Amino acid sequence: MERLEKQFYEQPTLELAEQLLGKIFVHILPGNIRLTGRIVETEAYLSHQDEASHAWRGRTTRNQIMFRKPGTIYIYFTYGCHYMLNIVSEPEHCAGAVLVRAMEPLEGLLFMQEQRGTSVMTNLMSGPGKLARALAIDGNCNGQDLFGKEFFLENAPPLPKEMIATSTRVGISKSRELPWRKFIRNNPHVSKGKVT
DNA sequence: AGCGTGATCTTT
DNA sequence: AAGATCACGCTG
């Protein structure tokens, strides 16, 4: 399947959060090892309209990558041990982003199992911290983009509307009521937040 | 249900 | 300079 190009990432953040479901995330390791997963859960983060977004008060040292061109990868470190993978959306300087919260592991399973210390498939990438670890993503990836040799997305047929579920976001205290989490209904690889 | 772990942001 | 918070995951 072909790679997704620039215009795919330029859509409004909420639409991109839905469109990303089902797409294949690819990380190529040195030695041409493919680590890949199918995105099954996302969350939208806007900028100034969204109190829970890192960008809601404007540009800082940490969030500056969110202001870059769509398709850029924004990684940050939290709780002293986890890296979070975000994909920048909207036109440049708007600072929208989509948090990738869960994937279904596809290729590189042995590597992922070693990274994660488990071989239970539904536990490899069923959460944002877990998937970053499984895909060998850390702070060095911050600011890279999805148009190079190392990271990109592969296309997949759009999902039927009835397979897409919506809920409030998880793990935040501000703007809790916003229904900006998107996930594939009844998929066993979504995080242990809320299921329907 | 409780806590580790460290960067970042807010308040003094 | 100090304190609070955190887009989490693991043990128990």
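Need the full-extension length gain, A:T166 to A:E5, defined as separation in residues times 0.36 nm minus the C-alpha distance. One decimal, nm.
55.4 nm
For A:F8, what charge total do you get from the other residues with a beta carbon under 13 Å from its beta carbon, if Lys and Arg give +1 and Asp and Glu give -1?
Every neighbour counted, the sum reads -4.
In whole angstrom, how far apart do the alpha carbon centroids of the range A:61-104 and the range A:156-172 sit?
Answer, in whole Å: 19.
How about the range A:113-159: which trypsin sites (Lys or Arg not before Pro) there are in a DSSP loop, with at most 10 other Cβ atoms within 10 Å of their Cβ?
A:K149
Which value in deg cm²/dmol, rounded to the nearest 500, describes the helix-derived mean residue ellipticity at 222 nm for chain A, given -39,500 (n - 2.57) per DSSP H run of n ≥ 4 and division by the residue count?
It comes out at -3000 deg cm²/dmol, rounded to the nearest 500.
Using a 1.4 Å probe on the protein heavy atoms, what percent of the accessible area of chain A belongs to carbon and sulfur?
It is 52 percent, rounded to a whole number.
Obtain the nm distance between the two label points defined at A:H48 and A:E114 by a simple spin-label model: each point lies 7 Å from its Cα along the Cα-to-C-beta direction.
4.8
Can you tell me the equivalent ellipsoid semi-axes for the range A:6-184? Use √(5λ) from the Cα gyration tensor, largest first, whole Å.
Working through the eigenvalues yields semi-axes of 23, 18, 17 Å.
If you count only protein heavy atoms with a 1.4 Å probe, what accessible area per residue comes out for the range A:6-184, rounded to a whole Å²?
On a per-residue basis, the range A:6-184 sits at 45 Å².
Exposed loop sites here are GluC sites (Glu not before Pro) in DSSP loop states with at most 14 other C-beta atoms within 10 Å. What is the longest stretch of chain A lacking them?
A:93-149
The values are calculated or read from the model by the stated rules, or taken from the named source; none is laboratory data. In this text, all values refer to a predicted model and were calculated from it rather than measured experimentally. Positions of Cβ are generated from backbone atoms using ideal geometry, with glycine treated the same way; all protein chains shown enter the neighbour counts. The accessibility values were calculated without ligands, DNA or RNA, using every heavy atom of the protein model including side chains. Shrake-Rupley method; radii C 1.70, N 1.55, O 1.52, S 1.80 Å.
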